[in-house]
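A.B. asks: Got a structure for you, written out below as structure tokens; questions coming shortly.
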Amino acid sequence: MSDRAMTSLPFALPERALVRQLRQQPAVAPPPGKRTQPLAGFEDRFTDIVDYIVRITDEIWIDRGIGYIYDTYDKNCTIYSTYGVVRSIEEVVAGTVTTLNGYPDGEIHHLNVAWSGDEKEGFYTSHLGHSRSTNLGRSGFGPATGKRTSIRFAADCISRDNRIHTEWLVRDNGAALRQLGFDLQEAARAIAAAGTSEQEVVTPTQRLQGEAIATEPSGDRSTMRGWVEGLYHDLVNRRRLDWVDRYYADDAIVHAGGGRYAQGPRDIQTLFVHLLAAIPDGVLRVEHVCHSEERDGVIVAVRWTLEGRTAPGGVLGECPAGRPVRMMGISHLRLVGARIVEEWMLFDEVGVLVQAYRQ
């Protein structure tokens, strides 16, 4: 990445260790090398935190080292998703077995790992990946279909001493179900009827205080977090979609949940409208921000939640109306200079529909 691209960013980046880059690299992982980042408590073979995330993912999911989960996850780990909360390593192992049974020929492509933190406070990572597989066994959605799927996923993790203790997982199940030939509404109703051990209570945020937007950000927009909060406040909470070109390049591409795709300001505006139409009183809150410095630009990873009440239409289709829901999203924004040139906007519309049908 050029110095010019770095210096023209709309925010300053912190100085930190140089770590493994994933983009525009050979598909085969390099052999373990010399450690380039302090990683007290982690296995000696990991060179840095990105190397750790990529290698344990491949060894668990591609090499089928399912039991390695016991070495890399805390026994009391907490996993959050749009469907609810998991609080047991045994549930993580069981879920992995079920997924591998349903998709035994899966392959994973690592698109990005953004990160923050250090060995003392723990590392926060945001892992964006692309999975291709064939549904050859029963999955959580039903019997085998024999059909191929090609979807993206994102997993935000907090790790320390070689173990992940907290994770936020977003899988593009909307795209998966469409490719498998399932009806999203029927699938969501079935999952809702099956129940879950634990789910979040959703109380949508009030959008207005008097005549002002209640969520006006107070952060400094010259910082990465402040710039991100400003972006989502302007485009989502204020609905100023006429400002899209302030943040996105003219030829920007957005890969969104449900297998959706948008290119250029007009299509990106339409994508945001489609999202907001499903939760028309929605308020978006930025939960976490970190970044990577890749060969093709800085990539800012944002975990966010969109809370509000459902309405038929938009990304949720003909869903029940007026149901309070919380959409968890993870977006990776690739910047070249001051604007976004590519975005991966991950959300699971099926999980949001499940919340609506549970009520």
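A.B. asks: Loop-only check: which GluC sites (Glu not before Pro) in the stretch 64-161 are DSSP coil with at most 14 other Cβ within 10 angstrom?
C.D. replies: Sparse-neighbourhood loop GluC sites (Glu not before Pro): GLU121.
A.B. asks: Would you pull out the residues with amide H under 5 Å of ALA256's amide H, same chain only if 5 or more places away, H placed 1.01 Å from N?
C.D. replies: TYR261, ALA262, MET345
A.B. asks: Measure off, as a whole percent, the carbon and sulfur share of the 1.4 Å-probe accessible area of the chain, all protein chains present.
C.D. replies: 50
A.B. asks: Quick one: Karplus J couplings for the stretch 287-295, per residue in order, coefficients 6.51, -1.76, 1.60, θ = phi - 60°, nearest Hz, x for Gly and Pro?
C.D. replies: Per-residue couplings from phi come out as 9, 7, 9, 8, 8, 10, 10, 9, 5 Hz.
A.B. asks: So in the chain, what percent of DSSP beta bridges are antiparallel if you round to the nearest 5?
C.D. replies: So the antiparallel bridges amount to about 90 percent of the total.
A.B. asks: How much accessible surface area, in Å² rounded to 10, belongs to the heavy atoms of TRP227 with a 1.4 Å probe?
C.D. replies: 20
A.B. asks: State to the nearest 20 debye the size of the charge dipole of the stretch 18-103 about its Cα centre, where the only charges are +1 on K and R beta carbons and -1 on D and E beta carbons.
C.D. replies: Approximately 260 debye in magnitude.
A.B. asks: Let me ask something else. What do you reckon, how do TYR261, TYR232 stack up by accessible area (1.4 Å probe), largest on top?
C.D. replies: TYR261, TYR232
A.B. asks: How far apart, in nm, are two points set 7 Å out from the Cα along the Cα-to-Cβ line at ASP63 and at ASN101?
C.D. replies: With each label placed 7 Å out from Cα toward Cβ, I get 2.5 nm.
A.B. asks: Place a +1 charge on the Cβ of each Lys and Arg in the stretch 150-233 and a -1 charge on the Cβ of each Asp and Glu, then give the dipole magnitude about the Cα centre in debye, rounded to the nearest 20.
C.D. replies: Charge dipole, the stretch 150-233, about its Cα centre: 220 debye, nearest 20.
A.B. asks: What order do LYS75, LYS34 take when sorted by accessible area (1.4 Å probe), most exposed first?
C.D. replies: LYS34, LYS75
A.B. asks: Which one of THR203, ALA155, ALA193 has its Cα pushed farthest toward the positive end of the charge dipole of the stretch 148-207, where Lys and Arg give +1 and Asp and Glu give -1 at the Cβ?
C.D. replies: Of the candidates, ALA155 comes out farthest on the positive side.
A.B. asks: Quickly estimate the mean residue ellipticity at 222 nm for the chain, helices only: each DSSP H run with n ≥ 4 gives -39500 (n - 2.57), and the total goes over all residues, rounded to 500.
C.D. replies: Rounded to the nearest 500, it is -7500 deg cm²/dmol.
A.B. asks: With unit charges on the beta carbon (Lys/Arg positive, Asp/Glu negative), name the residue among PRO14, SER88, GLN269 whose Cα is farthest towards the positive pole of the charge dipole of the chain.
C.D. replies: Most positive-ward Cα: GLN269.
A.B. asks: Taking the chain as a Gaussian network, where each spring joins two C-alpha atoms under 10 Å apart, which residue of LEU184, LEU346, LEU231 fluctuates the most?
C.D. replies: LEU231
A.B. asks: If each residue of separation counts as 0.36 nm, what is the full-extension length gain between SER218 and GLU287 once their alpha-carbon separation is subtracted?
C.D. replies: Once the chain is fully extended between SER218 and GLU287, it gains 23.4 nm.
A.B. asks: How much solvent-accessible surface does PHE141 expose, in Å² to the nearest 10, with a 1.4 Å probe and all protein chains in place?
C.D. replies: Surface open to solvent at PHE141 totals about 50 Å².
A.B. asks: Quote the relative contact order of the chain in percent (integer), defining contacts as alpha-carbon pairs under 8 Å separated by 6+ residues.
C.D. replies: 18
A.B. asks: Let me ask you something else. Would you work out the charge dipole size for the chain about its Cα centre, treating the Cβ of every Lys and Arg as +1 and the Cβ of every Asp and Glu as -1, and quote it to the nearest 20 debye?
C.D. replies: Once rounded to the nearest 20, the dipole reads 460 debye.
A.B. asks: Go through (i) 43, 24, 21; (ii) 34, 26, 21; (iii) 29, 28, 19 and flag the label whose value is the computed semi-axes √(5λ) of the Cα gyration tensor in Å for this structure.
C.D. replies: Read-out taken from this structure: (iii).
The values are calculated or read from the model by the stated rules, or taken from the named source; none is laboratory data. Every value quoted in this text rests on a predicted model; they were computed, and no experiment measured them. Every residue, glycine among them, receives a Cβ derived from its backbone with ideal geometry; neighbour counts consider all protein chains shown. Surface accessibility is based on the protein's heavy atoms, side chains included, excluding ligands, DNA and RNA. Shrake-Rupley method; radii C 1.70, N 1.55, O 1.52, S 1.80 Å.
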